[in-house]
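S.K.: Handing you a structure now.
The values are calculated or read from the model by the stated rules, or taken from the named source; none is laboratory data. Quick caveat, the model's predicted, so the values are computed rather than measured. We place every Cβ from the backbone using ideal geometry, glycine too, and count neighbours over all the protein chains shown.
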Amino acid sequence: MLKWIGRRLTQLVIVLFVLSIVVFVLMKLAPGDPVMSLLRADEMQATRAQAEALREELGFNRPLAVQYWSWMTNVMTLDFGDSLLKNKPVLDELLDRLPATLQLAMGGITVMVLISVPLGLLAARFPGRLPDHFGKMFALLGASMPTFWIGLILIYLFSTKMHWLPTMGKGEFKHLVLPSITLGFGLAAVHTQLLKTGMLESLSTEYVRSARARGIGEFKIVLQYALRAACIPVLTVFGMTFGSLIAGSVVVETLFSWPGLGSMAVEAIFQRDYPLIQGYLMMTGAFTILVNLLVDLLYGWIDPRIRLRKGGVSS
């Protein structure tokens, strides 16, 4: 077990190293000049001499390999540099915005679970009947509708027409409702079908038939036996799509003016604040990798048939 965790942590470091190279190269290939953006933000008359002086001060005139090594050695100590336009450490800016994004992500996951688990269970328990047809229709709608379109519909119905919920900002619990539904709706559609497929497979296994033969109640069979086995593919896909959950929050945060990492990243992109963009990409990448590591660890706890052996997950 410890050996497997050590291998996965080593893989995590390697992936983060590769990610850092990709992020650094992409920032250098991005259009625009952050130095000129910074000079315009300071309302200075950007002369050639001023631009070159600022470029030398920021280290942008050094060779790319030197720039990367300097940036990476700082990143290893959690020093992502300073925001070019806000003149504030990138890490402080990320940590200020992180709680809002995590709150929105947890809200989206809660909506996903509240919708997908009952629908998936009912669709698998009554195949070919009304719950199954309703689950298929919901999955089709959820997968077909873009996130921003769902948000606009919710704003129109519950804010503009009914005046029940606010359209933007962060404050009370009601501010979290519409963004969470918007973020979790599409995920619920995907996971409903996954859970239904997993449940149908689990309910047809030998150990479920044996449990029924021993007179165990259907409710206990569904929740204690079949559901645990059906959660394995759902967890796998959730770990793979966690990055899209954070990335999807960019659209939701922008739409609802939610002060999280996503809206901060959009502002940084428009302002060409490259250190802030690099810090955002590294943080979201690290979160995605860590979540996948936790998913692997949960396999053995959810399904006793799965054990960690010799650096991998086996059954």
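S.K.: Write out, first by first residue and then by second, each pair whose Cβ atoms fall under 7 Å of each other, whose residues are 6+ apart or on separate chains, and whose first residue, in segment 125-136, is part of a helix (DSSP H, G or I) while the second is surrounded by 12 or more Cβ atoms within 10 Å (Cβ to Cβ) and at pLDDT below 80.
M.R.: Close Cβ pairs (under 7 Å, with a partner that is surrounded by 12 or more Cβ atoms within 10 Å (Cβ to Cβ) and at pLDDT below 80) amount to 125/222.
S.K.: On to the next question. Here are some residues: 270, 287, 242. Which one is at pLDDT below 75 and of a type in the set (Phe, Trp, Tyr)?
M.R.: 242
S.K.: Right, another one. Which one of these is at pLDDT below 85 and either of a type in the set (Val, Ile, Thr) or surrounded by fewer than 16 Cβ atoms within 10 Å (Cβ to Cβ) (or both): 134, 126?
M.R.: Numbers: 134 fails: at pLDDT below 85.
Answer to the selection: 126.
S.K.: Additional query: Would you say residue 79 is closer than 30 Å to residue 25 by Cα, outside any helix (DSSP H, G or I) and of a type in the set (Asp, Glu)? If you could, list the steps in order and put the result at the bottom.
M.R.: Working: closer than 30 Å to residue 25 by Cα: yes; outside any helix (DSSP H, G or I): yes; of a type in the set (Asp, Glu): yes.
For residue 79, the condition - closer than 30 Å to residue 25 by Cα, outside any helix (DSSP H, G or I) and of a type in the set (Asp, Glu) - is met.
S.K.: So is residue 234 at pLDDT 85 or above, buried (at least 20 other Cβ atoms within 10 Å of the Cβ) and under 17 Å from residue 186 (Cα atoms) or not?
M.R.: no
S.K.: Any idea which of (1) within 22 Å of residue 117 (Cβ to Cβ); (2) free of Cβ contacts under 8 Å to residues at least 12 places away in the same chain is the one residue 186 doesn't satisfy?
M.R.: Only one criterion in (1) within 22 Å of residue 117 (Cβ to Cβ); (2) free of Cβ contacts under 8 Å to residues at least 12 places away in the same chain is unmet by residue 186, namely (2).
S.K.: Separate question: Among the numbered criteria (1) touching a residue at least 40 places away in the same chain (Cβ under 8 Å); (2) surrounded by fewer than 20 Cβ atoms within 10 Å (Cβ to Cβ); (3) basic (Lys, Arg), which one does residue 212 miss?
M.R.: The one condition residue 212 does not meet is (1).
S.K.: For segment 160-196, enumerate the residues that are in a helix (DSSP H, G or I) and among the polar types (S, T, N, Q). Step through it out loud before you land on a result.
M.R.: If we filter segment 160-196 for residues that are in a helix (DSSP H, G or I), which is where we start, we get 160-161, 174-196.
Selection gives 160, 180, 182, 192, 193.
Okay, residues lined up against (1) at pLDDT below 80; (2) among the β-branched types (Val, Ile, Thr); (3) touching a Cys at 6+ places or on another chain (Cβ under 9 Å):
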| residue | (1), (2), (3) |
| --- | --- |
| 46 | yes, no, no |
| 65 | no, no, no |
| 68 | no, no, no |
| 73 | no, yes, no |
| 77 | no, yes, no |
| 81 | no, no, no |
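S.K.: Among 91, 85, 95, which is the only one that is free of Cβ contacts under 8 Å to residues at least 12 places away in the same chain, under 30 Å from residue 273 (Cα atoms) and either part of a helix (DSSP H, G or I) or of a type in the set (A, V, I, L, M, F, W, C) (or both)? Write out each step before concluding.
M.R.: Values: 91 fails: free of Cβ contacts under 8 Å to residues at least 12 places away in the same chain; 85 fails: free of Cβ contacts under 8 Å to residues at least 12 places away in the same chain.
The conditions single out 95.
S.K.: Which numbered condition in (1) closer than 19 Å to residue 135 by Cα; (2) touching a residue at least 60 places away in the same chain (Cβ under 8 Å) is the only one that residue 201 fails?
M.R.: (2)
Residues are listed down the side, and each one gets a yes or a no for (1) part of a helix (DSSP H, G or I); (2) free of Cβ contacts under 8 Å to residues at least 40 places away in the same chain:
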residue: 258; (1), (2): no, no
residue: 267; (1), (2): yes, yes
residue: 270; (1), (2): yes, yes
residue: 277; (1), (2): yes, no
residue: 283; (1), (2): yes, no
residue: 289; (1), (2): yes, no
residue: 292; (1), (2): yes, no
